[in-house]
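See structure below.
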Amino acid sequence: MASRLEDLKGDPAFRQAVHAVRGAASTLSGRAVTQEEAELLVSFALATFANAGGLAEPSLSRLARFCEKIGSEADFESLAKH
C-alpha cells in the first residue's frame, strides 16, 4: 500500500506543479533545483494551503478563477506577470 505522500507524488497535477516549481526555483536561485527539492516545496505549499482552509470555499473559487486566467499552458514567466 502506498503512503499518502507516494500517492500524491503519483498524481499528474502534483507532477506538473513540481515541474513548474523546479523551473521557477532554478531560475530564481540560479542553480538547478533537484526533483526532490521541488517535491518538498510543492508538498509544503499544498499542505499549508489545505491546512489554512484552501480546500473549502471561498479559497477554492479563488484558485479556480486564478487558474482560468493563467490557462493550462502557463509557464514561470507568464505566472510572474499575474
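Highest mean first, what order results for 5-16, 37-48 on Cβ atoms within 10 Å?
37-48, 5-16
What are the semi-axes of the equivalent ellipsoid for the chain, taken as the square roots of 5 times the Cα gyration tensor eigenvalues, largest first, in whole Å?
With the √(5λ) rule applied to the chain, the semi-axes are 20, 20, 11 Å.
So what is the 222 nm mean residue ellipticity for the chain from helices alone, if each DSSP H run of at least 4 adds -39500 (n - 2.57) and you divide by all residues, rounding to the nearest 500 deg cm²/dmol?
-21500 deg cm²/dmol
Only the coordinates and a few stated rules stand behind these numbers; no lab work does. Since the model is a prediction, treat every value here as computed from it, not as a measurement. Using ideal geometry, Cβ is built from the backbone for each residue, glycine included, and neighbour counts are taken over all protein chains shown.
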